[in-house]
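S.K.: Please see the structure below; I have some questions.
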Amino acid sequence: SELLALPGSAYTVQLTAAGQGPQQVSFRLAVSGRPAFAQPAGVTSAELRSLDAEVKELRLSQAERTLSLEQPARVLINLHSAPIIDLEHLALALGEQRLSLDAHYETAGQKLTARAAAHGLDVKQLLAVAGLEVPVPSTQLELGAQVSGTLHAPVGQLTLSGEVGPPPQLPLPKTAVKLTADFNGVQVKGQLAIKTLGEAAASDAFALSTR
């Protein structure tokens, strides 16, 4: 087979999309991609074999909140014997919040490696920017995760720490949480520490273990 780029490496595809939804939600997406084709011997038509795409803009807004890319992200799709997908340098910002993700997935064997991180994560704001008014408490969380293995038997580590505000309409105090967990398939080992903040401060810790 011969790889083609129609006509050469300068061939690119541009995609832009924008729209509006309920709850004053709007989005905008801009992607530039470079496809590569293969023309097997004796076949007159070319087949798409890979795509190298750059996500230049990704923006989701609701009222005065905006979730957007901090830098261009890269998506690589290899369509040879079995599709392989890579996501590189995905970095999103919402105010002071930061989220990042790099991932590699092979459809053959469903193999996966991924690394994710979040800073100042407020679940309530993230839901709101998508137009979802869900009665959840405000949060201020730090998150880190690494995963490898397969979809059916993932292996990795998860850390989560920060503060969780009082649940809406419930007279409960703000809480500090810290979670560390190692997982290997269905086995999980770790520790969860919870501390209530304020005048009636109290703390407790729990060991996590599943088989």
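S.K.: Take peptides 189-202, 49-62 and line them up by average Cβ neighbours within 10 Å, highest first, as a rough protection proxy. Mind showing how you got there, number by number?
M.R.: Details: 189-202: 12.8, 49-62: 17.0.
Most protected by this proxy first, the peptides run 49-62, 189-202.
S.K.: What FRET efficiency comes out for residue 151 versus residue 39 if R0 is 30 angstrom and r is the Cβ-Cβ distance? Round to the nearest 0.05.
M.R.: Working: r = 34 Å, r/R0 = 1.12.
Working from the Cβ atoms, E equals 0.35.
S.K.: How long are the three semi-axes of the equivalent ellipsoid of the stretch 41-119, in whole Å, if each is the root of 5 times an eigenvalue of the C-alpha gyration tensor, listed from largest down? Intermediate values should be presented prior to the final figure.
M.R.: Values: eigenvalues 206, 54, 13 Å².
The three semi-axes for the stretch 41-119 are 32, 16, 8 Å.
S.K.: At R0 = 41 Å, how high is the FRET efficiency between residue 54 and residue 200 if r is their beta carbon distance? Nearest 0.05 is fine.
M.R.: On the way: r = 52 Å, r/R0 = 1.27.
Approximately 0.20, to the nearest 0.05.
S.K.: For the stretch 88-139, what's the relative contact order in percent, using C-alpha pairs closer than 8 Å and at least 6 residues apart? Before the final figure, lay out the partial values.
M.R.: On the way: 70 pairs, mean separation 13.7, N = 52.
Relative contact order for the stretch 88-139 comes out at 26 percent.
S.K.: Using a basic spin-label model with each label point 7 Å from the Cα along Cα→Cβ, how many nm lie between residue 138 and residue 82?
M.R.: If labels sit at residue 138 and residue 82, their model points lie 4.7 nm apart.
S.K.: Still on this model: Tell me, what is the percent relative contact order of the stretch 112-156, built from C-alpha pairs under 8 Å that lie six or more residues apart?
M.R.: Details: 68 pairs, mean separation 21.8, N = 45.
Result for the stretch 112-156 is 48 percent.
S.K.: A further question on this structure: Ignoring ligands, DNA and RNA, what percent of the accessible area of the stretch 16-152 is carbon or sulfur (1.4 Å)? The partial results should precede the final answer.
M.R.: Details: 4370 of 7830 Å².
After summing per-atom areas, the C and S share lands at 56 percent.
S.K.: Here's a follow-up. Using the Karplus curve 6.51 cos²θ - 1.76 cosθ + 1.60 with θ = phi - 60°, work out ³J(HN,Hα) for each residue of the stretch 93-109 in order, rounded to whole Hz, and write x for Gly and Pro.
M.R.: Per residue, the Karplus-derived 3J(HN,Hα) values read 9, 9, x, 8, 7, 9, 9, 9, 8, 10, 8, 9, 9, 10, 5, 6, x Hz.
S.K.: Also, quick follow-up: Based on the Kirkwood radius over alpha-carbon pairs, what value in µm²/s does the Stokes-Einstein equation return for the translational diffusion coefficient of the chain at 10 °C and 1.306 mPa s? Intermediate values should be presented prior to the final figure.
M.R.: On the way: Rh = 20.4 Å.
The diffusion coefficient I find is 78 µm²/s.
The values are calculated or read from the model by the stated rules, or taken from the named source; none is laboratory data. This structure is a prediction, so every number in the text was calculated from the model and none was measured. We place every Cβ from the backbone using ideal geometry, glycine too, and count neighbours over all the protein chains shown. These accessible areas exclude ligands, DNA and RNA; they are computed on the full protein's heavy atoms, side chains included. Shrake-Rupley method; radii C 1.70, N 1.55, O 1.52, S 1.80 Å.
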